[in-house]
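Undergrad: For reference, the structure I am asking about is given below.
Nothing in this text is a laboratory measurement; each read-out follows from the coordinates by a stated rule. Note that the structure is a prediction, hence the values are computed from the model and not measured. Every residue, glycine as well, gets a Cβ built from its backbone with ideal geometry; the counts of neighbours run over all protein chains shown.
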């Protein structure tokens, strides 16, 4: 979402130069968060979450010459009558991500949503300023019809893009059970909070039995203080329990992280790597996750936190985020080294990249560098997308 907005900026400028009289409309989560900047670029209409009815009203208004709708960040979210997405005209599914499954084979990947928004309020999440702890359920028949259309185009795996698939667990389970009944050979992946993996552990076996290839979970950190600041709703011990619960159920857990924050130290980064290795997650973590730096977009709830206020800088229009610094410049230097290393070794194995980062981090922290614990799972046993989520 954030990268899409950044990529849109030069496109908007180009369109304005080619056709200055065109009415430009942008919509989506990051659209409303960057409303003022987008208006500066010449965008006329900015629509946020649950945009469909406003987008339709805008098209009608422009056709009839009447004032277009101008919702703001404070405009209540509507309850839409969802329709089956019409994906005709988009590039074919084969142009998008590919799943490498547990056998080493590849599957064409599609995308849908069984719900929108999120009932939780993690401080760093861009969904929170827009949905403010609310979520919307997409009717099961709509979800299944969307999937059916994609299967007819060759899709063999579905990514559910719900911010948290278990915001409405009963609804979610009905979706995957009916999906498995209709397409028993189709696989899928979902995103679920650590907290929900524990509270709704009774459903994990159902996910396994209905074709769930893996579960993405925004672990973010193993540091209790960082988790508290981010308002994640889980503890380091909860992470261990969720990993164990997924393994017991036969589910692959794919954690994502915010590896570098204003509170990261050289020592805590080494401890973070140690936790990944100790939990036998090295092969389950995409290398980019070892380099991700906390993003502070416009409207982020973190901007009001006192510990963020101490390190935050100005809003960077080119990056669409607020700058921040670590009080130990060696940590920022390490992050630059890690992301450079990840970029240089894109074709290397996850374990090889992890081990190189492991050695680098321990050297920079001047700590003894023990060998990385061997993984008990073969790499081919862990399904993964070739375009991993950064969540």
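Undergrad: Within the stretch 18-47, name every residue whose backbone N is under 14 Å away from a label modeled 7 Å from Cα of residue 11 along the Cβ vector.
TA: Inside the label zone: 24-31.
Undergrad: By how many nm would the segment from residue 185 to residue 231 grow when fully extended, if each residue of separation counts as 0.36 nm and the alpha-carbon distance is taken off?
TA: My answer for the length gained is 12.8 nm.
Undergrad: While we're looking at this one, here's another question. Using the 10 angstrom Cβ neighbour count as an exposure proxy, how do 374, 319 rank, fewest first?
TA: 374, 319
Undergrad: Related question: For n ≥ 4 DSSP H runs only, could you compute -39500 (n - 2.57) per run for the chain, divide by its residues and tell me the 222 nm figure to the nearest 500?
TA: The helix-only estimate for the chain comes to -11500 deg cm²/dmol at 222 nm.
Undergrad: Tell me, 86, 332, 209 in order of fewest to most beta-carbon neighbours within 10 Å?
TA: By the 10 Å Cβ count, ascending, the order reads 86, 209, 332.
Undergrad: A further question on this structure: Given R₀ = 41 Å, FRET efficiency for residue 244-residue 387 by Cβ-Cβ distance, to 0.05?
TA: The pair residue 244/residue 387 has a calculated efficiency of 0.90.
Undergrad: To the nearest 0.05, what FRET efficiency results for residue 345 and residue 267 with a Förster distance of 30 Å applied to their C-beta separation?
TA: Rounded to the nearest 0.05, the efficiency is 0.75.
Undergrad: Expressed in nm to one decimal, what extension gain is obtained for the pair residue 374 and residue 119 from 0.36 nm per residue of sequence separation less their Cα-Cα distance?
TA: 88.0 nm
Undergrad: Any idea how far apart residue 363 and residue 40 come out in nm if each label point goes 7 Å out from Cα toward Cβ?
TA: In this crude label model, residue 363 to residue 40 measures out at 4.1 nm.
Undergrad: Remind me, relative contact order of the chain in percent, using alpha carbon pairs under 8 angstrom and six or more residues apart?
TA: 15 percent
Undergrad: I would also like to ask the following. Quick check for you: which residues of the stretch 280-317 have the amide N under 12 Å from the point 7 Å beyond the Cα of residue 325 toward its beta carbon?
TA: Those under the cut-off are 311-314.
Undergrad: Sorted from fewest to most neighbouring beta carbons within 10 Å, what does the list 316, 54 look like?
TA: Final ranking by Cβ density, sparse to dense: 316, 54.
Undergrad: While we're looking at this one, here's another question. Compare 50, 195, 363 in a GNM of the chain, Cα atoms joined below 10 Å, and give the one with the largest fluctuation.
TA: 363
Undergrad: Moving on to the next point. With springs only between Cα atoms under 10 Å, which of 135, 166, 82 fluctuates most in a Gaussian network model of the chain?
TA: 82
Undergrad: Quick check: from the Cα gyration tensor, does the stretch 2-64 come out rounded (a/c under 1.5), prolate or oblate?
TA: Oblate, because a/c is 1.5 or more while a/b does not exceed b/c.
Undergrad: In addition: Specify the residue with the greatest mean-square fluctuation among 107, 123, 87, computed from a Gaussian network of the chain linking alpha-carbon atoms under 10 Å apart.
TA: In this elastic network of the chain, the residue with the biggest mean-square fluctuation among 107, 123, 87 is 87.
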